[in-house]
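The structure under discussion appears below in the form of C-alpha cells.
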Amino acid sequence: MVNYTMRIYESAEDYLEAILVLQEKNGYVRSIDIANELNYSKPSVSIAMKKLRNNGYIEMDENSFITLTDEGHRIANRIYERHRILTKLFIGLGVSEDTAAMDACQIEHHLSDETWSKLKEFAQTHFK
C-alpha cells in the first residue's frame, strides 16, 4: 500500500521535480523555464501549472513566478531524491550516466515505499 494519501500523475510529479530543480539552480521559476527544461510547449506547461495551482501544489505570484507549496515541495523532494539515488545506484552498477538518469526517471514514479526503502538503504550502504 502506498503511504501518501493522494496519488498524483507521473507528469505532475515531473513538473514538481522540475520546479524544485530550477528553483535550486536559478533561484526562481517561470513557466518558460519549465518548458525549456522539460522540452514541452509553453501552452502545455501553462495548462499543467493551472492544474497544479488548482490542486494546491504550486503558487504563482503577480509576476508569474512559481513556488511550491508545502505539499508540492514534499512530492518534489520525494521524486528528486529517488531520481538522484537511483541514478547513482545505476552508475555504480556500471550503467552509463545518460542511461542511468533516463532509467531513474522512468522508475522513480513506480516504486512501492517498501521497495524504495530497501533500494535506498542498499544504495547508501554500497554506493556512497
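A few comments on the model shown:
- Taking (1) in contact with a Gly (Cβ under 7 Å, 6 or more places away or on another chain); (2) modelled with pLDDT under 95 in turn, Y57 satisfies each apart from (2).
- Residue in segment 44-88 that is farthest from I32 (Cα to Cα), counting only those that are in a helix (DSSP H, G or I) and of a type in the set (D, E): E81
- If you filter segment 81-96 down to residues that are under 18 Å from the mean Cα position of the chain (by Cα) and open to solvent by 60 Å² or more (accessible area, probe 1.4 Å), you find that the one that is farthest from L20 (Cα to Cα) is K88.
Results for (1) touching a helix residue (DSSP H, G or I) at 6+ places or on another chain (Cβ under 6 Å); (2) free of Cβ contacts under 8 Å to residues at least 24 places away in the same chain; (3) open to solvent by 70 Å² or more (accessible area, probe 1.4 Å), shown as yes or no for each residue.
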position: E10; (1), (2), (3): no, no, no
position: N26; (1), (2), (3): no, yes, no
position: N36; (1), (2), (3): no, yes, yes
position: S41; (1), (2), (3): no, yes, no
position: D61; (1), (2), (3): no, yes, no
position: F65; (1), (2), (3): no, no, yes
position: I79; (1), (2), (3): yes, no, no
position: T99; (1), (2), (3): no, yes, no
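- If you go through segment 22-50 and keep only what is under 17 Å from S11 (Cβ atoms) and more than 16 Å from the chain's Cα centre (by Cα), you end up with S41, K42, P43, S44, S46, I47, K50.
The values are calculated or read from the model by the stated rules, or taken from the named source; none is laboratory data. Please read these numbers as outputs of a predicted model, since none were measured by experiment. All Cβ positions, glycine included, derive from the backbone under ideal geometry; neighbour counts span all protein chains shown. Just the protein is used for accessible areas: all its heavy atoms, side chains included, with ligands, DNA and RNA removed. Shrake-Rupley method; radii C 1.70, N 1.55, O 1.52, S 1.80 Å.
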